[in-house]
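Asks: Before I ask anything, let me first share the structure, which is written out below as structure tokens.
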Amino acid sequence: MKIGVVGSGKVGKALGAWAAKVGFAVAFASRKESDAQDAARNAGYCTQAMDVAALVRECDMLLLTLPYKEIEGVLAPLQKDLAGKTLVDVSNPITEDRRALTIGHTTSGAETIAAQFPMANVVKAFNAVFAEVYALQHPQIDGRAISIFYAGDNLDAKEGVWELITRLGFDAVDAGPLETARYLEPLSLLNIHLGRELGFGPRIGFALLRN
């Protein structure tokens, strides 16, 4: 499975580098070609920099790590090439002050993406963890794995996301169908509130306890 990272910000660079380290083939694309090249060079492990069109054609799974409001504009010209691809929505439809969602209650950002690109298989994941955790490449806190919740409607796409989550060492929690993103996107706000507003810092995460 080849993973394409769309967006070379903090989250995209960190997740892509970590995925490459654990053995996935990884490519980066960004609005600025130099940003993708920097991300690939810093990641190592034979990662590549591509333009978005080439990345969509060549990669099986696309990590959407760019801002939510930019996703439609970036992917819309590539509708045909998205057929059968797994789109992992790492974004959140969040306001500029990071205190509220712009979409919620009766739908979610992930469901909106799925409606815009029905030929692809959208899975929500990785959206409620700070980039600093991914950059550290350490999925545990005090010996307990951070839970990554994921949701989607296509079983094959979810299995691929499960493989990525578990190979990174996180606790993969199947949260059900894609409409569960309505619950997962607000979780990102709680993460931001705890980490940035209440002083817990960015090296935090949620864990689901079960037996």
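Bear in mind these aren't lab numbers, they're just calculated from the coordinates by the rules spelled out. Values in this document were obtained by computation on a predicted structure and should not be read as measured data. Heads up, the Cβs are rebuilt from the backbone with ideal geometry, glycines too, and the neighbour counts pull from every protein chain shown.
Asks: Out of the chymotrypsin sites (Phe, Trp or Tyr not before Pro) in the range 23-71, which ones are loop residues according to DSSP with at most 16 other C-beta atoms within 10 Å?
Replies: Answer in residue order: TYR45.
Asks: Determine which lysines satisfy two conditions relative to LYS32: a Cα distance under 22 Å, and not lying fewer than 8 residues away in the same chain.
Replies: Within the straight-line limit of under 22 Å, LYS32 reaches these lysines: LYS2, LYS10, LYS13, LYS69.
Asks: Now, a different point. Give me the one-decimal nm value for the distance between modelled label points at LEU198 and LYS2, 7 Å along each residue's Cα-to-Cβ direction.
Replies: 4.4
Asks: Calculate the dipole size of the range 161-211 relative to its Cα centre from +1 charges on Lys and Arg beta carbons and -1 charges on Asp and Glu beta carbons; express the result in debye to the nearest 20.
Replies: About 180 debye.
Asks: I've got another one for you. For the chain, which span is the longest to avoid every loop-located (per DSSP) member of trypsin sites (Lys or Arg not before Pro) having at most 16 other Cβ atoms inside 10 Å?
Replies: The longest uninterrupted stretch comes out as 100-202.
Asks: Restricting attention to the range 124-211, which chymotrypsin sites (Phe, Trp or Tyr not before Pro) occupy a DSSP loop and are surrounded by at most 12 other Cβ atoms within 10 Å?
Replies: Counting only loop positions with at most 12 other Cβ atoms within 10 Å, the chymotrypsin sites (Phe, Trp or Tyr not before Pro) in the range 124-211 are PHE200.
Asks: Grab the Cα-Cα distance for LEU155 and THR95, subtract it from 0.36 nm times how many residues apart they are, and report the gain in nm with one decimal.
Replies: Extra length available between LEU155 and THR95 comes to 18.5 nm.
Asks: Using alpha carbons only, what's the Rg to Rh ratio of the range 109-211 with Rh from Kirkwood?
Replies: We get a ratio of 0.98 for the range 109-211.
Asks: Taking every DSSP beta bridge that has both residues in the chain, what percent is antiparallel when rounded to the nearest 5?
Replies: Percent antiparallel among DSSP bridges in the chain is about 20.
Asks: Students often forget the sequence filter, so: which aspartates and glutamates lie under 15 Å Cα-Cα from LYS80 once same-chain residues fewer than 8 apart are removed?
Replies: GLU58, ASP60, GLU72
Asks: In whole Å, how far is the Cα centre of the range 12-78 from that of the range 138-200?
Replies: Going from one Cα centre to the other spans 20 Å.
Asks: Which FRET efficiency, nearest 0.05, do THR102 and LYS80 yield, Cβ-Cβ r, R0 30 Å?
Replies: So the FRET efficiency works out to roughly 0.55.
Asks: What distance in nm lies between label points placed 7 Å from Cα along the C-beta direction at ASP60 and LYS10?
Replies: 3.2
Asks: Please state the charge dipole magnitude for the range 2-197, taken about the Cα centre, from unit charges on C-beta atoms (+1 on K and R, -1 on D and E), reported in debye and rounded to the nearest 20.
Replies: 340
Asks: Is the range 9-69 rounded, prolate or oblate when judged by the Cα gyration tensor, a ≥ b ≥ c being the square roots of its eigenvalues, rounded requiring a/c under 1.5 and prolate requiring a/b larger than b/c?
Replies: Here the range 9-69 falls in the rounded category.
Asks: Sticking with this one: If I model a spin label as a point 7 Å beyond the Cα along the Cα-Cβ vector, how far apart are those points for ALA131 and ASP51 in nm?
Replies: About 2.5 nm separates the two model spin labels.
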